[in-house]
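**Student:** I have a structure I would like to understand better, so I am pasting it below and will then ask my questions one at a time.
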Amino acid sequence: MAHIITAVDPGSPAARAGIRAGDELLRINGTYIIDFLDYQDLTADRRLEMDLRRGGAPYTVRVTKREYAPLGLNFETPMMSGLRACCNRCLFCFVDQLPEHVRDTMRVKDDDWRTSLMMGSYVTLTNVSDRELDRIILRHAGPLYISVHATDPELRSLLLGTPRGARLMPQLKRLSDGGITFHCQCVLCPGLNDGPQLERTIEELTALQGALSLALVPVGLTGHRDGLAPLRKYTREEARGVLAIADRWRPKLLKARGSRFVFPSDEFYVQADAPIPSDEEYEDYGQIDDGVGLIRLLYTEYIDAWNELPASMRQPGGGRRLAIGCGVSAAPYLRRLLEAHPVTGVQVEVVPVVNRFFGEEVTVSGLVTGGDLTDQLKGVDCEKVLITVVMLRAEGDAFLDDMTLEEAEKRLGKPIVPVGRRGEELLQALVDNSEFGIRDSESS
């Protein structure tokens, strides 16, 4: 397989060897390159023999460099190959329940273990062959993030809508025995993969040395499920039942494995109307991107930074009026945090935004759209609106309904300030937009 080189870094080992943009990379040390995984592993060596092609003519160069030093080649895509598509028909697939007018990129169904390695996205392994498992082990590709959902073969096949789902536990054992580590996820559906099935899943996963953690996430349901499986959200008592299972396992796993291993997502605590665990109980926040510990980490970071402010900056009342637009789930927690830890010179109103685009059962901040935000904050008395950056795409310029940040500001008639996810970033935004912060800015 040939990979076209789009650029060569000036002064790099590749440039010194005479490799040029437009050349095609074929082999390194006699091994054909499939993708970035092979490339990164093979180019870590000090001495490389590289087979390339220029204008259809093959040639070979030898490169000597420092071990692990970058070679200096750039390719058309970071992955050096196309994205692998999902072959499942999951009962709870979020893509299948999107509204008609949604950004096209949200409809892409990928299930590529290489993006799991690069970006921490969850994959099912149903499209991974035994040969590919061997390559994962050979290249020491970990940690991976794996959607387990259930370890019972028949139940997992039902949940994923494919008989390939039944192969999971042999795959995980093979990876674990090969020294590959992985984080796990269960999207739980009431009455399907919770209860005794969840107990079985936890027991079987914790028997694998390579398994690092298990996130428990309640099924996400939009208002666009016509013709799909009859799923429903958790009741308060059912959510408490899931937390009870987790709480039975966590202390004994901490003693046996040195980790609590089982980490329910914030949404389970919200749905159960239960207290959020302490900072210590989230250990290294290894499942933060799966919604596990977001609230606690925000509290911890904000309060730590707030305690560093001078006393004169920690007084309530008066000042500029700001609004924070957020998902329904986060609103009461944000409100309590800011009431207990105010910033001098700013009054903050937390406004929960009901999700009418995806459906009112969707309550997370990351799925709030520009249309819903502007519709529901029009009458709020404030000078600026603060939002979390996770409402915007990676470029930071548009919401999920394709309304740009500029369009939202025009529609609202006031500035919208995206704020980073960290607690200290929220505090800094409040300080910067307080009367105190404005005075400092003007004086400087």
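**Student:** Within region 53-69, does at least one residue satisfy the condition of being under 29 Å from the mean Cα position of the chain (by Cα) and surrounded by 15 or more Cβ atoms within 10 Å (Cβ to Cβ)?
**Tutor:** No; the residues of region 53-69 include none that is under 29 Å from the mean Cα position of the chain (by Cα) and surrounded by 15 or more Cβ atoms within 10 Å (Cβ to Cβ).
**Student:** Would you pick out the residues in region 295-310 that are free of Cβ contacts under 8 Å to residues at least 40 places away in the same chain and open to solvent by 60 Å² or more (accessible area, probe 1.4 Å)? Don't jump to the end; show me each part of the working.
**Tutor:** Looking only at region 295-310, we keep the residues that are free of Cβ contacts under 8 Å to residues at least 40 places away in the same chain, and these are 295-296, 307-308, 310.
307, 308, 310 - these are the residues of region 295-310 that are free of Cβ contacts under 8 Å to residues at least 40 places away in the same chain and open to solvent by 60 Å² or more (accessible area, probe 1.4 Å).
**Student:** For residues that are closer than 20 Å to residue 420 by Cβ, free of Cβ contacts under 8 Å to residues at least 40 places away in the same chain and buried (at least 20 other Cβ atoms within 10 Å of the Cβ), tally how many sit in region 352-368.
**Tutor:** Initially, region 352-368 is screened for residues closer than 20 Å to residue 420 by Cβ, giving 353, 364-368.
From what is left, the residues that are free of Cβ contacts under 8 Å to residues at least 40 places away in the same chain are 353, 365-366.
Cutting the leftovers down to buried (at least 20 other Cβ atoms within 10 Å of the Cβ) gives us 353, 365.
Of the residues in that region, 2 qualify.
**Student:** Still on this structure: Here is a list: 199, 203. Which entry is within 21 Å of residue 146 (Cα to Cα), open to solvent by 60 Å² or more (accessible area, probe 1.4 Å), modelled with pLDDT of 95 or more and outside any loop (DSSP other than H, G, I, E, B)?
**Tutor:** So the residue among 199, 203 that is within 21 Å of residue 146 (Cα to Cα), open to solvent by 60 Å² or more (accessible area, probe 1.4 Å), modelled with pLDDT of 95 or more and outside any loop (DSSP other than H, G, I, E, B) is 203.
**Student:** Here's a follow-up. I need the helices (runs of 4 or more DSSP H) fully contained in region 76-182, keeping only those with at least 2 residues that are under 16 Å from the mean Cα position of the chain (by Cα). Reasoning before the result, please.
**Tutor:** Numbers: elements: 113-119, 130-138, 153-160, 168-177.
Those helices (runs of 4 or more DSSP H) span 113-119.
**Student:** Does residue 84 fit the bill of being of a type outside the set (Gly, Ala, Ser), within 24 Å of residue 180 (Cβ to Cβ) and surrounded by fewer than 18 Cβ atoms within 10 Å (Cβ to Cβ)?
**Tutor:** Details: of a type outside the set (Gly, Ala, Ser): yes; within 24 Å of residue 180 (Cβ to Cβ): yes; surrounded by fewer than 18 Cβ atoms within 10 Å (Cβ to Cβ): yes.
For residue 84, the condition - of a type outside the set (Gly, Ala, Ser), within 24 Å of residue 180 (Cβ to Cβ) and surrounded by fewer than 18 Cβ atoms within 10 Å (Cβ to Cβ) - is met.
**Student:** Anything in region 5-48 that is open to solvent by 20 Å² or more (accessible area, probe 1.4 Å) and within 14 Å of residue 79 (Cβ to Cβ)? List them, or say none.
**Tutor:** Matches in region 5-48: 6, 34, 39, 40.
**Student:** Among the numbered conditions (1) open to solvent by 20 Å² or more (accessible area, probe 1.4 Å); (2) modelled with pLDDT of 95 or more, tell me where residue 400 comes up short.
**Tutor:** (2)
**Student:** Can you name the residue in region 207-235 that is closer than 21 Å to residue 285 by Cα and small (Gly, Ala, Ser) and, of all such residues, is surrounded by the fewest Cβ atoms within 10 Å (Cβ to Cβ)?
**Tutor:** 210
This table checks each residue for (1) under 17 Å from residue 302 (Cβ atoms); (2) in a loop (DSSP other than H, G, I, E, B); (3) at pLDDT below 95.
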site	(1), (2), (3)
316	yes, yes, yes
326	yes, no, no
336	yes, no, no
348	yes, no, no
351	no, no, no
355	no, yes, no
359	no, yes, yes
372	no, no, no
379	no, yes, yes
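**Student:** Any residue at all in region 24-43 that is under 30 Å from residue 156 (Cβ atoms) and in a loop (DSSP other than H, G, I, E, B)?
**Tutor:** yes
**Student:** For region 58-99, which residues satisfy the criterion of being free of Cβ contacts under 8 Å to residues at least 60 places away in the same chain and within 30 Å of residue 226 (Cα to Cα)?
**Tutor:** Across region 58-99, the qualifying residues are 83, 84, 85, 86, 93, 95.
The values are calculated or read from the model by the stated rules, or taken from the named source; none is laboratory data. Note that this is a predicted model, so its numbers are computed, not measured. As a convention, Cβ positions derive from the backbone with ideal geometry for all residues, glycine included, and neighbour counts pool all protein chains shown. Surface areas here come from the heavy atoms of the whole protein model, side chains and all, with no ligands, DNA or RNA. Shrake-Rupley method; radii C 1.70, N 1.55, O 1.52, S 1.80 Å.
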